[in-house]
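The values are calculated or read from the model by the stated rules, or taken from the named source; none is laboratory data. All figures in this text were calculated on a predicted structure; none of them were measured in a lab. Positions of Cβ are generated from backbone atoms using ideal geometry, with glycine treated the same way; all protein chains shown enter the neighbour counts. Accessible surface is based on the protein model in full, side chains and every heavy atom, while ligands, DNA and RNA are left aside. Shrake-Rupley method; radii C 1.70, N 1.55, O 1.52, S 1.80 Å.
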Amino acid sequence: MNLTDGNHKSLVEPQPVFNEPALTVGNTLVLADLHIGIEQELSLSGIHIPSQIDRRIERVFRFLSKVKARRVVLLGDIKHCVSKTSPLERHDVPHFLRSLAECVPVDILPGNHDGGIEYLIPRDTRFGIEIHQSKGCSINNVAFVHGHTWPSIKFLGCDYVIVGHNHPVVRLADPLGYVSIKPVWIRTRFDEGVLRKRFPEIGVFNNPRVIIMPAFNELVGGISFNEASYETLLGPLFANRAVLLEKAQAYLLDGTFLGTVEQLRELAPNSYRARKSPSRRKSKKID
């Protein structure tokens, strides 16, 4: 699978890991939306699942071995609880991070669920764990940002911007009514006009490719992009229509190209156009 379009000058292109919600940039492995500790929240709803942290650690190590990565970028929402840190997170997050940092350096782009993550960082590791600003960081002219904040203007000059946060999926229905939900990669671009209003000092617009990553944690669910609107997607990039939605391309994890979001609207369980009505919510203005 190739999420690039061949028209960019990056020395190292982002490459998805086949059949997995992970990608590589050179020798760096990138994962988004881990939501460690979600099992405790599910138990409050009567869904009792034991901690999956050891299985997730093994899964990451399989990725590292498969792609021969020598660094890991965690693209936000490492922990699950937003306003607090649960007892399960206090155990599982340090265990996960220590296991990785014993083998490779780890970079964290904090997400909206990661309040207090700095208190869960183990210090006694072979390699370091670095927490970056939520506005992003870059490697080899590829920028990384979780997506709950605007990226820094300096990263808009990169060739690619990798985003998490929305857990993209598509919901498809056949003529008999069978519904299938699949995690997907979303590939799109920014709206130059919106970005220039937000960042009037932007200068030459590089028109970076935007890649929205599926969630690493399969228990978190996702937002159906072929049923979603700017008002229902998360983060200021969507609230301000800074990302082109209708022409965004969707790919399954095995690389199958499904079409654009606009084309996939007709395959949603209920036709998007048939049920679309004016939203009572107003898009947030750029501020």
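Considered as a group, the residues in the range 124-172 that are open to solvent by 30 Å² or more (accessible area, probe 1.4 Å) and of a type in the set (Asp, Glu) include one that is nearest to Arg196 (Cα to Cα), and that residue is Glu130.
Taken as a whole, the range 234-255 holds no residue that is part of a loop (DSSP other than H, G, I, E, B) and β-branched (Val, Ile, Thr). Here Ser83 passes the criteria (1) part of a strand (DSSP E or B); (2) open to solvent by 50 Å² or more (accessible area, probe 1.4 Å) except the one numbered (1).
Scanning the range 29-69 for residues that are charged (D, E, K, R) and in a loop (DSSP other than H, G, I, E, B) yields Asp33, Lys68. If you take the residues of the range 191-203 that are touching a residue at least 24 places away in the same chain (Cβ under 8 Å) and surrounded by fewer than 21 Cβ atoms within 10 Å (Cβ to Cβ), which of them is farthest from Gln249 (Cα to Cα)? Here the answer is Glu201. When Phe127, Phe144 are screened for being aromatic (Phe, Trp, Tyr) and outside any loop (DSSP other than H, G, I, E, B), only Phe144 passes. Only one of the listed residues (Val104, Val93) is of a type in the set (A, V, I, L, M, F, W, C), in a loop (DSSP other than H, G, I, E, B) and in contact with a strand residue (DSSP E or B) (Cβ under 8 Å, 6 or more places away or on another chain). That residue is Val104. Taking each residue of the range 169-189 that is at negative phi and looking for partners that are open to solvent by less than 30 Å² (accessible area, probe 1.4 Å) and of a type in the set (Lys, Arg) with beta-carbon atoms closer than 9 Å, six or more apart or interchain, yields Arg187/Arg209; Thr188/Arg209; Arg189/Arg209.
Within the range 95-105, one or more residues are buried (at least 18 other Cβ atoms within 10 Å of the Cβ), modelled with pLDDT of 90 or more and either of a type in the set (Gly, Ala, Ser) or closer than 19 Å to Pro168 by Cβ (or both).
All of (1) aliphatic (A, V, I, L, M); (2) part of a strand (DSSP E or B); (3) out of contact with any helix residue (DSSP H, G or I) (no Cβ under 8 Å at 6 or more places or on another chain); (4) open to solvent by 20 Å² or more (accessible area, probe 1.4 Å) hold for Leu176 with one exception: (2).
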